Structure formats: C-alpha cells, structure tokens
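S.K.: My questions will all concern the structure given below.
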Amino acid sequence: MQQNIAELYTRWCAKAADAEMQAQLKAMDGNEAAIEDAFYRELEFGTAGLRGVIGAGTNRMNLYTVAKASQGLANYVVAHYAPEARSIAISYDSRIKSDLFSQISAGVFAANGIRVYIYPVLMPTPCLSYAVRALGCAAGIMVTASHNPSKYNGYKVYGADGCQITTEAAEEILGEIEKIDIFDDVKRIEFEDGLKNGSVSYIDDQVYTNFVEEVKKQSLLGDAAVDKNVAIVYSPLNGTGLKPVTRTLKETGYTNITVVKEQELPDGNFPTCPYPNPEIREAMQLGMEYAAKNNADLLLATDPDCDRVGIAVKNAAGEYVLFTGNETGVLLLDYICSRRQALGIMPKDPVLVKTIVTTDLAAAVAASYGVETRDILTGFKYIGEQIGLLEKEGHPERYIFGFEESYGYLSGTYCRDKDAVDAAFLICEMFAWYKTQGISLIDKLNEIYAKFGYCLNVTKSYAFDGSAGFEKMKSIMAAFRAGVDSFAGRKVEKCLDYGPGLNGLPKAEVLKFLLEGSCSIVIRPSGTEPKMKAYITVQAKDRAAAEVIEKQLEESLKAFFA
C-alpha cells in the first residue's frame, strides 16, 4: 500500500468524528485493497459535480467530501458575487443520505454568509434548475446520483443560469476545493441553527406550483378534443417523480393512472430495481407486468431524480414494446413540429438541440419542418447553454425541443436541464392525440422510418472499477486515438476527435468514427460512472438488416475493451 494512502487512512481514523464513518474505517483495517480503493484519489469533481459510492474515504460520497465540495463552491460564490447576491438553492432525491448531504451543504453555505433556499421535501432535478432562476440564485445543488445503483450518491452543481456548471466554472471550483483541508478548513453550522437564524429557509410551495404550471403550458393540443382516458401505468422507480408527474397529468385531465405500488414511495435502496435506470429493461420489468395486468395503453417510468423517462406501448399482438430514448425523442420532435405548424405557432428560425451521440434521424425530421439542428457535446447542460444563447439574442422562443439519447427531453425554456415531468406529460398528450386518430406510436414511428430510412442506435457500456479500471480506460482511449482503419470490415472514412475541441465545442474526451455505409461509432468514458460507452449507429433498409450490421460492429469492439 502506498505511503500517502496509508497516511490518509490513518488521518481519517484520527479525525473523522462521525460514528458511522469510524465503524466503516475500522472495518477496512488490514484490508489494503479496500483502503486503496477508498483513498487512492479524491472523488473527482467536474461539470457533473461529484458522484461516487457512499462510504468512508476521499474517493467516496460522505459528509466530509460533500462538505469540502460545498466549501469550494462557497468560496467560488463569495469570489464572484456581491454579498446581497450570494444565495444557493438546494434540492435532493430519495437516495441514501441525500437529505443528510443536502443539510450538510446548507450548513456550509450558511456559515460562509450565503443565503440558502432548500426544498422542504425531496424534489426532481428540473425543479432545482427552475428554482435557481426563479429565486435569482448564484448557484444551486442537486443531491442525487441520477440513475446509478443504490450504493451511489452524487452532487450536481448549477450556475445562475440554471444549467449545470461549465467546464471553466468546474475547474475554478475544483481549484478552490483542492486548497481546502477536509477536516480543518470547512466552515459549517448545524442545519437547524440555520433555520432558526434565518440563513436557511424552505422554498415556498408556490415555486413548485409555478413549475407545474410551466410544464402544463407545454401542451400543444390547442382546442383539439382528444381521449384523455388512456390507461396509463406509471412508476417513479422509488424516486422523486410521484407527486409532480401525477399532479401534472391529473390537472390536465389524465386521471386513468395506475402507479406501480412497489416502486411508488421514495426508497434509496430501490428494492425491486437495483439499477433504477429507465434505459434498462430490468428497471421497466415490473411496470410492464403492471401494464399487462391492467391492460394499460402506455407505461411511463422516471428515474430517481426525475430527469429521464422511459416508455413502453402495446404492439398489434398485445405485447409491450420498450422504446429507446432516440425513438421517443424522434416521436416527440415530430409531434411538436407538426402540432406547432398546425396551430400556427412555429417560431421564425426554430431550433432543435441534440447531442452528438443522439440519432441523426432527428436532424432529418427537423429539416423536413424547416427546423435548424444544433449538435452539442454529451450533457444536457450544453442544451441549456444553447437556450441561454438564444435568450441573450432576444429570441428564446426559437428553441422548440432538445433531447439526448439517454432518455432526457425538454420542450420549454422554463428550466435548463432535462425534465421528465415535461416529457411524461408530452408523451401522454402525444399518445392520446394519435390514439384519437386510430394511430399507435409504433405506427407513427414506422411511418417516420418509411419516410426517412431505418436507423438503429445501440449503446454499449463497459465497466472498469477501481484504480486499475481508471488506468485501463485511459489506455483504451489512447488505443482508439492511435488510429483505427476499419471496424468489422467497414472502412473508417473519418475520425472526429473532440479532445482538442471541435466545431466550436469545448474539449471533450470523445471520438467519433464515421464508417462507410452511413454507419458510425462514438467512444467516450462516462462522466458519471466507472464505465466507457460505445454508441453504434447503423442506417439500413430495415431493422433486420441493421441488426446484422450492428452485431458485427459490436463484435469488432470487443478486442479494444478486453
């Protein structure tokens, strides 16, 4: 075991006063591998804030690492904002220790003379993004690990614009964090003391109500009559979505809603879906069983912090079919464009914003309606930044939709992060609109494919845990960057390296290989998990042909990730 790791462990044993932390540290005694994994690095802070396994150590989410990050953010706010402008909004989800971490953070901010506004109950990520701007805050934090397994928690940081922080802000905050001694340099008061002296206050319920009203304004039905008695099964996956999603739907006339009982209430252990990610079939399985039992028309599931939504619908055989994030996004885009045109509310020079790993089919659909497509880096903050740019130009109404393949959508400018409350509402409206006309979402998707050509998008993830995994990911990216001539016999026509910055975008550890035959492969390390991701896109005459090509490309990648 390295000397500095041993010294860190010894210091934590001496300094960490928390009883639970002491028990965890004691349990590591003599286990060099466990100590190394907990202390080999500082938990990485970046544009996505912090995210890691809950536990003792510098490479873990715990009250000390959270307090240190909060002190760094406090130093940043103090350096950039006048005293009267120093305020931070806080929200948290259902994860283990989310409430504790939010209160610890509030105590740190308050001790540094920063006004704190915190939701009195757990609330989704988009509600935090909305509150930052609604309350005129300098920053915001959302305590969540989004869709990660239950052993994780995280800490998303937002700027005054309601977007997750920029690379430049993250680097400056990280610089502040690195100056701080985790035990000696953090200022903090007790949360209850902050409430008593007025430095911490609960966010008024009107802010939440205003958020719901903004979501409801996204309706594109106009005066059209539709059958809103569609049978909906909804699962919040034991997260924050239950109240805002069901409230929005019920207030807009969708009352035939069955909630998945086992996944209804907040529970950070996620007992029936160990990986609470609507991208994954296992997380959707119980909802699909409910849908079949209740003969539902539509299944919706939102992740724990309610910024992603997955759906399933019945096919002609009565089986429930899951839609990918790309498929749902393309359907929503087409619905939004067609309804805006029909209602005469399509703005001049409308804009779609999507990530570079999101299906190119969206650009084709957008172009057919005269909509400009802007491709940005992975991360919804870049979509939020594009909204901000349009706002600065005086034309925020040009933004009509933004989405990413990982099930994140936003149709309005009221917040600057993906919003599963908005997406769930629009999906139900879209479903009801087409059903009233005797059209299923599967029919509509096939119609789009018939018009623009079939496009298959598949995301593969490869896990690399611990310090060895961290180094392995770096070596894999180096191998890809060294040059690849072909994948599965398909020649690489061009390689786009976003590392130095490309097409005016910020630097990013992303490679995109454009292959002959209108196929592509994007390689990037995850920004929030110890994983690498490969995004495979295949265009072909039909699904069967596309799947054959996709399997060949997937097989060709195995040698790199072995």
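S.K.: Against the conditions (1) surrounded by fewer than 19 Cβ atoms within 10 Å (Cβ to Cβ); (2) modelled with pLDDT of 95 or more, where does residue 24 fall short? Just the number, please.
M.R.: Among (1) surrounded by fewer than 19 Cβ atoms within 10 Å (Cβ to Cβ); (2) modelled with pLDDT of 95 or more, the lone unmet condition for residue 24 is (1).
Here's the yes/no breakdown for (1) over 19 Å from the mean Cα position of the chain (by Cα); (2) basic (Lys, Arg):
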position	(1), (2)
245	no, no
248	yes, no
259	yes, no
276	no, no
279	no, no
293	yes, yes
298	yes, no
301	no, no
306	no, no
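S.K.: How do the pairs read when you match residues in the range 321-347 that are part of a helix (DSSP H, G or I) with residues anywhere that are small (Gly, Ala, Ser) and surrounded by fewer than 17 Cβ atoms within 10 Å (Cβ to Cβ), using Cβ under 7 Å and keeping only pairs 6 or more apart or on different chains?
M.R.: Filtered contacts from the range 321-347: 343/222.
S.K.: Sticking with this structure for a sec: For residues that are buried (at least 20 other Cβ atoms within 10 Å of the Cβ) and aromatic (Phe, Trp, Tyr), scanning just the range 63-120, find the one that is nearest to residue 42 (Cα to Cα).
M.R.: 64
S.K.: Tell me, which strands (runs of 3 or more DSSP E) wholly within the range 93-172 include 3 or more residues that are modelled with pLDDT of 95 or more and of a type outside the set (A, V, I, L, M)?
M.R.: Here the list reads 152-159.
S.K.: OK, next. What number goes with the only condition from (1) more than 30 Å from residue 272 (Cα to Cα); (2) surrounded by 24 or more Cβ atoms within 10 Å (Cβ to Cβ) that residue 351 does not pass?
M.R.: (2)
S.K.: Looking at (1) of a type in the set (Lys, Arg); (2) in contact (Cβ under 8 Å) with a residue 24 or more places away in the chain; (3) within 28 Å of residue 333 (Cβ to Cβ); (4) open to solvent by 60 Å² or more (accessible area, probe 1.4 Å), find the lone condition where residue 494 falls short.
M.R.: Result: residue 494 fails condition (2) only.
S.K.: While we're looking at this one, here's another question. Test residue 362 against the stated conditions and say whether it is within 29 Å of residue 224 (Cα to Cα), assigned to a helix (DSSP H, G or I) and among the aliphatic types (A, V, I, L, M).
M.R.: yes
S.K.: Being more than 30 Å from residue 288 (Cα to Cα) and surrounded by fewer than 13 Cβ atoms within 10 Å (Cβ to Cβ), is that true of even one residue in the range 207-222?
M.R.: Yes, because at least one residue in the range 207-222 is more than 30 Å from residue 288 (Cα to Cα) and surrounded by fewer than 13 Cβ atoms within 10 Å (Cβ to Cβ).
S.K.: Additional query: Output the residues belonging to the range 386-428 that are open to solvent by less than 10 Å² (accessible area, probe 1.4 Å) and among the acidic types (Asp, Glu).
M.R.: Selection gives 404, 417, 419, 422.
S.K.: Kindly list, by first and then second residue, each pair from a residue in the range 528-550 that is touching a residue at least 24 places away in the same chain (Cβ under 8 Å) and open to solvent by less than 30 Å² (accessible area, probe 1.4 Å) to a residue that is of a type in the set (A, V, I, L, M) and in a helix (DSSP H, G or I), limited to pairs with Cβ atoms under 6 Å and residues at least 6 apart or on different chains.
M.R.: Listed by first residue and then by second, the contacts come to 532/473; 534/557; 536/553; 538/546; 538/549; 540/546.
S.K.: How many residues are of a type outside the set (A, V, I, L, M) and out of contact with any Gly (no Cβ under 9 Å at 6 or more places or on another chain) when one looks only at the range 23-59?
M.R.: Summing the residues that are of a type outside the set (A, V, I, L, M) and out of contact with any Gly (no Cβ under 9 Å at 6 or more places or on another chain) in the range 23-59 gives 10.
S.K.: So for the range 504-524 (the condition being at pLDDT 90 or above, open to solvent by 30 Å² or more (accessible area, probe 1.4 Å), of a type in the set (Gly, Ala, Ser) and farther than 18 Å from residue 358 by Cα), does at least one residue qualify?
M.R.: Within the range 504-524 (the criterion being at pLDDT 90 or above, open to solvent by 30 Å² or more (accessible area, probe 1.4 Å), of a type in the set (Gly, Ala, Ser) and farther than 18 Å from residue 358 by Cα), the answer is no, since none of the residues qualifies.
S.K.: What's the total number of residues in the range 241-253 that are out of contact with any strand residue (DSSP E or B) (no Cβ under 8 Å at 6 or more places or on another chain), among the polar types (S, T, N, Q) and within 17 Å of residue 127 (Cα to Cα)?
M.R.: 1
S.K.: Right, residue 223: at pLDDT 95 or above, out of contact with any Cys (no Cβ under 8 Å at 6 or more places or on another chain) and part of a loop (DSSP other than H, G, I, E, B) or not?
M.R.: Here the answer is no, as residue 223 does not meet what is asked.
S.K.: Can you name the residue in the range 151-164 that is over 16 Å from the mean Cα position of the chain (by Cα) and in contact (Cβ under 8 Å) with a residue 40 or more places away in the chain and is also nearest to residue 68 (Cα to Cα) among such residues?
M.R.: This residue is 151.
S.K.: Under 7 Å between Cβ atoms, which residue pairs at least 6 apart in sequence (or on different chains) link something in the range 429-452 that is farther than 22 Å from residue 249 by Cβ and in contact (Cβ under 8 Å) with a residue 12 or more places away in the chain with a partner that is part of a helix (DSSP H, G or I) and charged (D, E, K, R)?
M.R.: 445/327; 448/334
S.K.: Please work out which residue is most open to solvent (accessible area, probe 1.4 Å), limiting yourself to the range 473-490 and to residues that are without any contact (Cβ under 8 Å) to a residue 60 or more places away in the chain and closer than 11 Å to residue 525 by Cα.
M.R.: 474
S.K.: Let me ask you something else. Can you give me the number of residues within the range 247-271 that are of a type outside the set (S, T, N, Q) and open to solvent by less than 20 Å² (accessible area, probe 1.4 Å)?
M.R.: 5
S.K.: Among the residues that make up the range 196-203, is at least one of them assigned to a loop (DSSP other than H, G, I, E, B) and in contact with a Pro (Cβ under 9 Å, 6 or more places away or on another chain)?
M.R.: Scanning the range 196-203 turns up at least one residue that is assigned to a loop (DSSP other than H, G, I, E, B) and in contact with a Pro (Cβ under 9 Å, 6 or more places away or on another chain).
S.K.: Can you tell me which residues in the range 450-467 are assigned to a helix (DSSP H, G or I) and surrounded by 17 or more Cβ atoms within 10 Å (Cβ to Cβ)?
M.R.: 452
S.K.: Hey, among 536, 549, which residue is closer than 30 Å to residue 467 by Cβ and of a type outside the set (Lys, Arg)?
M.R.: None of the other options fit; the residue is 536.
S.K.: Being under 21 Å from residue 327 (Cβ atoms) and in a loop (DSSP other than H, G, I, E, B) narrows it down to one residue among 296, 283, 292; which is it?
M.R.: Going through 296, 283, 292 in turn, the sole match is 296.
The values are calculated or read from the model by the stated rules, or taken from the named source; none is laboratory data. All of these numbers come straight from a predicted model, not from anything done at the bench. Glycine also receives a Cβ, built like all others from the backbone with ideal geometry; neighbour counts cover every protein chain displayed. Remember, those area values only see protein heavy atoms, side chains included, never the ligands or the DNA or RNA. Shrake-Rupley method; radii C 1.70, N 1.55, O 1.52, S 1.80 Å.
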